[in-house]
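A.B. asks: There's a structure below that I have some questions on.
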Amino acid sequence: MDTSSPAVFVNAELLKMYQGRRVRVVVQVMRNEGGLIVGQSTDGHQLTVKVSQAFPLSHFVEVIGIADGNQSIRAEICTDFGDTFDTLAYNELCQLANGKFKNLFL
Amino acid sequence: MYGSQGDGGASLFSGGGFMPSQATQTPDSSFSKSRGAQGVLPLTVKQISEAYHSNDDKSNFVVDGVDASNVRLRGLVMNKVEKVTDVTFTLDDGTGRIEVHRWVNETSDTNEMALIQNGMYVTINGSLKGFQGKKHVVAFSVRPVIDFNEITLHFIECIHVHLENTRPKVLGGIPAQVQANPISGTVTPTRTPVSNQFSSRSSSSGSETDVYKLVLDVFQEPPNLAREHGLHVEEVARRLGLPVEKIKDAIDYHVDVGHIYSTIDDNHYKSACNG
């Protein structure tokens, strides 16, 4: 059992607080550029994901990786969540997991 | 509220099977089961890392005061190893990693596990076991996640069940308080009989529950109900002899559930009940 490197649930707002740390975020793919994905976070801001895979446009992708910039993540694991995803629920979960219930996650 | 009815219904609809994995699929049954002795708890690996052994013979784990023998986790599969009679892998749910074992005795088990690949999101239902100081899960069901909203749902359920299990049972206590008030809540400022009553209650169970209860008791006393602006946070702290931080926690909780409300400023609160 190992809880030494958790991935924090973040949106664009929260990403700024976890620079250099392992985070998880869901973005909706807006465009693929070589080595990069530009996506929209669950709180409506643009994020850049450094990853060599490409994902279908407007699909939701969960990125687990290291936050390396105010709006950028260096991806370790990406999972395609398909084209329907409840971003409001996920956004609220980010607030809860970093607020009152942080002890259940980190 | 859904209780055994919900479970019985789920079993019927899933073909009358007694398979715990099927009965625990619906969100309803997982909420109700959080209160039962043999219920399934949705948990994060972080919560499991903080679970401790209960003192009874069953040597079960306890989370938030509830028996955590049956647990549900959701996360990524890593390091899958297939052997003749069992399959093991590591589950990473973002809060931590835990080892999972799945015995494969029948073809249905083997078929179930053959579908599982590294990098896949899965739902695990199983028992929490400890061995040589480390915890692991013996799974009786491992299913791929199809709708990824289930991931958001799982963590929200972990929070919900945590809140349910750590919530003090204040609602049941209010009628008792109203009856007890004539005895303890007299207008005279003599504090001794009142504090004796409070301290005898607090010795019987956990601390947080009792602080919440004590704070609500103070707000519910008839002389305090009569005060237009209610009580100042510090008054309550002095009255109970507890740190202001603890009083504030209790007040936050009671405001959340609607027992008290703030009056002239953020430091004054009053009970919402009419006594």
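Derivation of every value follows stated rules applied to the coordinates shown; laboratory data play no part. Note that the structure is a prediction, hence the values are computed from the model and not measured. We place every Cβ from the backbone using ideal geometry, glycine too, and count neighbours over all the protein chains shown.
A.B. asks: For labels at B:GLU150 and B:ARG167 in the simple 7 Å Cα→Cβ model, what's the distance in nm?
C.D. replies: It is 2.7 nm.
A.B. asks: Using per-residue counts of other Cβ atoms within 10 Å, averaged over each peptide, order B:111-123, B:139-151 from highest down.
C.D. replies: Descending mean neighbour count gives B:139-151, B:111-123.
A.B. asks: Roughly how crowded by other chains is peptide A:95-101, in terms of the mean Cβ count from those chains within 10 Å of each of its Cβ atoms? Walk me through the intermediate numbers first.
C.D. replies: Details: counts 0, 3, 7, 0, 0, 4, 8.
Per-residue shielding by partner chains comes out at 3.
A.B. asks: Quick check: net charge around A:SER52, other residues with Cβ under 14 Å of its Cβ, Lys/Arg +1 and Asp/Glu -1?
C.D. replies: Taking every other residue near A:SER52 into account, the sum is 0.
A.B. asks: Net charge near B:VAL255: determine it from the other residues with C-beta under 12 Å of the C-beta of B:VAL255, scoring Lys and Arg +1 and Asp and Glu -1.
C.D. replies: Working: positive: B:LYS248, B:LYS270; negative: B:ASP249, B:ASP252, B:ASP256, B:ASP266.
Net local charge, B:VAL255 excluded: -2.
A.B. asks: Tally Lys and Arg at +1 and Asp and Glu at -1 over the other residues with C-beta under 13 Å from the C-beta of A:ILE73: what net charge comes out?
C.D. replies: It works out to a net charge of +3.
A.B. asks: So, one more: Amide H neighbours of A:HIS59 under 5 Å, at least 5 residues apart or on other chains, H built in the peptide plane: list them.
C.D. replies: Amide H neighbours of A:HIS59, under 5 Å, 5+ apart: A:VAL29.
A.B. asks: Another question, if that's okay. Extending each Cα 7 Å along its Cβ direction at A:SER72 and B:VAL138, get the distance between those two points in nm, one decimal.
C.D. replies: 5.0
A.B. asks: Report the gain in length on full extension from B:ILE264 to B:GLU245: 0.36 nm times residue separation, minus Cα-Cα distance, nm rounded to one decimal. Please list the in-between numbers first.
C.D. replies: Details: separation 19, 0.36 × 19 = 6.84 nm, distance 2.01 nm.
Result: 4.8 nm gained on full extension.
A.B. asks: Report the FRET efficiency, 1/(1 + (r/R0)^6), for B:GLU228 and A:THR84, where r is their Cβ-Cβ distance and R0 is 56 Å, rounded to 0.05.
C.D. replies: 0.60
A.B. asks: Per residue of B:112-121, count partner chain C-beta atoms within 10 Å of its C-beta, then hand back the mean as an integer.
C.D. replies: 1
A.B. asks: Run the quick spin-label model on B:PHE131 and B:ASN79: label points 7 Å from Cα toward the beta carbon, then report their separation in nm to one decimal.
C.D. replies: With each label placed 7 Å out from Cα toward Cβ, I get 1.4 nm.
A.B. asks: Using only Cα atoms and rounding to the nearest 10 degrees, what angle (0 to 90) does helix A:87-98 make with the longest principal axis of chain A?
C.D. replies: That works out to roughly 30 degrees.
A.B. asks: Considering amide H positions built from the backbone, and no H for Pro or chain starts, which residues 5 or more places from B:ILE260, or on another chain, come under 5 Å of its amide H?
C.D. replies: B:VAL255, B:ALA272
A.B. asks: Can I ask one more? How would B:CYS273, B:CYS158 line up from fewest to most surrounding beta-carbon atoms within 10 angstrom?
C.D. replies: B:CYS273, B:CYS158
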